[in-house]
Amino acid sequence: MSEALSTRFQQRGFECAESRPEPCGIVIFGPLGDLTRRKLLPSLFHLLRRGLMPDDWFILGCLTRGEPLTDEAFREQVRLTLAADAARAPAGLLDDFVRRCFFQGGGAADPAFYRSLGARLDALGGPSGMGARRLFYLAVPPTLYEPIVTGLGKAGLGRLPKGHPGWNRVIIEKPFGRDLASAKALSQAVGDALDEEQVYRIDHYLGKETVQNILVLRFANTIFEPLWNRRYIDHVQITVAEALGVEHRGGYYEEAGCLRDMFQNHMVQMLTLVAMEPPARFEAGQYRDEKIKLLRSIRPFPDDPTALGGHVVRGQYTAGTAGGVEVPGYRAEPRVSADSSVETYAAMRVSIDNWRWKGVPFYLRSGKRLPRRISEIAITFRDVPHSMFSTFNDGAMPPNVLVLNVQPEEGISLTVEAKQPGPKTCMGSLTMRLDYRSVFGVEVPEAYERLLLDCMNGDQTLFVRTDALEAAWELLTPVLAAWEDTGNGPSRAPLRQYPAGSWGPAEADDLLRDDGRCWRTP
Ligand code: BG6
C-alpha cells in the first residue's frame, strides 16, 4: 500500500506554500537552557540546512542571570550543541551558523539591559535591515515572562510606531499563567507592551506534522467530513502517553502537574482540531475564530468536587517497572516533595454542546511512566444499524476505528471488517495503515522548525490566540481548584496511584466503563 501511495505522491507533486523570511534577528532569552539546546538551535540549524533561513540573520543569546559569556564562548557552546546535527550536514554549514551567533548579558528587571540590547540590535543590523526585524524567544522560566516583556516594551522594543519598517515579535512558551486569573494578569502585562499581532504563544503540538494534518485530512477530502458528527461517530479518544517519568524536571513539574503541563495546551488544542468547524479560508483570523467557537461549546465540568470525580480522574505514579527496569515513584524523583500530591496522570470525559457533537464523548488521557510513548487520536464510529451477518458472532461486529497516529509512528490507520479469503464466510477486522515516513520518504521535521519559520514569516495561524488560551484555562481552572481544595478533610477528588509502567489508575477505566466503553490499548 505504501509503495502505491508513494508513487502517486511523486507523480502529482504537491502545492507548497513555504516561503523564506526577510532578514531578521533572533533574540533568545535563555540561550543555554534545555529548550534552546534540545529544540531551538537544532531547529534553526535544520532550517538553514533546508535553505529556509533568511538571506541575512543572526542569533543574539540573552542571559538575564549568571555570568555573561563572550560571543566566542557562546559560539563554542552552540558548536557543541550542534555537533551531532553538523556531522550530517554539508561541510562549513556549522561555521556559517556559528559565526552569526552573539551574546548579551544583563538582568531581566534591569532597564539598562534593555537599552543596551536595543543598541546591540541596531549595531548588528547591517545594511539588510535585519536589526529592525526582531524575533524575541522567551525560553526562560515563566516568572520571567512579565519582566522581560515589560522591559522590552519600555525600551521601545515592543509595540512599534505606525509606519515603522520593521517588526518585533515575541514567542512565549507555555505555561502561560497557572490558572485563569494569572493568565489574564499576564495577558494584561503582555498587552501593555505588545499588540496581539506581535504575540506568538507557542504550543509545539500545533507544529507537529500529524497534528497539522488533522485539518487537511478532514477538510481536503470529501470522504471523512460527511461522517464526522454525532450521527456516525460514537466517541473519540485522545491519548498522549509518555514512558519517561519527570526526569530532571521535578522542580518545574511540582509547580505544574499533568493538567497544566499537557491538558491546558496540547490536549485541548488537539481536541479543538478534531472537533472544530471548517473556516472558509486557512488563514490565522478565521482559523482561530473557529477554534474559539468550539472551545466555547465545551460543557464546563461540575462545580461540586464530588461530582467532578465522575468526569475527571487524577493519578500519580508509584515505583514500578519501565522498559524492564525498576524505576522510582514520583515522590522519590529528584526535587519532588516526599508527600507531593501533584498529578502525573489525568483522564477526563469532555462533552461538546453543539449540533455536531451533542452526545459524543471525547475521552482524553495523558500521563508519565505509562507503558510506552504514544500519542494518538482514535475516532470510533457507531455500530452498523443492523447486521445481516447475525449468524456470525451473534451479529456483534467491532466498530470501524480511524486512528490518527501523532507519534512516534506518524500516520493514519483505519480498521474495517472484511471477509477472510476462503470458501467459508469468515469475517475479521482488518487494519489499513498509512505511514508518513515510508510514503513520503523523509524524516518528519521537528515541530519547532515549522513554528520558528512561521513566526519569522509573520504567520500566526499555528499559535494560540489570547481568547483560546483563556477559554482553556476557564475549562480547567475549576478542576485545579477542586483538586487543591482539601478543606479540613481528605480531598473529595482523590489522587489515585498507579504503578510506573501501567496504563494509569483503575478509576480512569471506570470513566469509560460507566458509559459502556473502554480505553483502547494503543
Ligand atoms: C511538553 C511537556 O510540553 O511536552 C513535557 O512540558 C512533555 O512534560 C512534552 O514531556 C511532550 O512533548 P512531545 O513532543 O515529546 O510529545
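The values are calculated or read from the model by the stated rules, or taken from the named source; none is laboratory data. From a predicted model like this one, the values you see are computed outputs, not experimental measurements. We place every Cβ from the backbone using ideal geometry, glycine too, and count neighbours over all the protein chains shown. Please note that ligands, DNA and RNA were not included when accessible areas were found on the heavy atoms of the full protein model with its side chains. Shrake-Rupley method; radii C 1.70, N 1.55, O 1.52, S 1.80 Å.
Looking only at the range 330-352, count every residue that is open to solvent by 60 Å² or more (accessible area, probe 1.4 Å) and not aliphatic (A, V, I, L, M) and tell me the total.
5
Mind checking which residues of the range 41-62 are assigned to a helix (DSSP H, G or I) and of a type in the set (G, A, S)?
S43
This table checks each residue for (1) of a type in the set (A, V, I, L, M, F, W, C); (2) free of Cβ contacts under 8 Å to residues at least 40 places away in the same chain; (3) on the phi < 0 side of the Ramachandran plot.
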{"site": "Y145", "(1), (2), (3)": "no, no, yes"}
{"site": "L160", "(1), (2), (3)": "yes, yes, yes"}
{"site": "P165", "(1), (2), (3)": "no, yes, yes"}
{"site": "K174", "(1), (2), (3)": "no, no, yes"}
{"site": "D203", "(1), (2), (3)": "no, no, yes"}
{"site": "L227", "(1), (2), (3)": "yes, no, yes"}
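Given the options A468, A378, A447, A418, name the one that is open to solvent by less than 60 Å² (accessible area, probe 1.4 Å) and within 16 Å of the ligand (Cβ to nearest atom).
None of the others qualify; the one that does is A447.
So which helices (runs of 4 or more DSSP H) are wholly in the range 251-310 and hold at least 3 residues that are more than 14 Å from I238 (Cβ to Cβ)?
Where helices (runs of 4 or more DSSP H) fall fully within the range 251-310 and carry at least 3 residues being more than 14 Å from I238 (Cβ to Cβ), they are 284-297, 305-308.
In the range 67-101, which residues are touching a Gly at 6+ places or on another chain (Cβ under 8 Å) and open to solvent by 40 Å² or more (accessible area, probe 1.4 Å)?
Listed by number, the residues that qualify are E67, P68, L69.
Would you pick out the residues in the range 140-172 that are open to solvent by less than 20 Å² (accessible area, probe 1.4 Å) and of a type outside the set (V, I, T)?
Y145, G151, L152, L157, G158, G166, N168
Residue by residue, here is whether (1) touching a Cys at 6+ places or on another chain (Cβ under 6 Å); (2) within 11 Å of the ligand (Cβ to nearest atom); (3) open to solvent by 10 Å² or more (accessible area, probe 1.4 Å) holds:
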| residue | (1), (2), (3) |
| --- | --- |
| R230 | no, no, yes |
| A241 | no, yes, no |
| L259 | no, no, no |
| M267 | no, yes, no |
| L273 | no, no, no |
| Y287 | no, no, no |
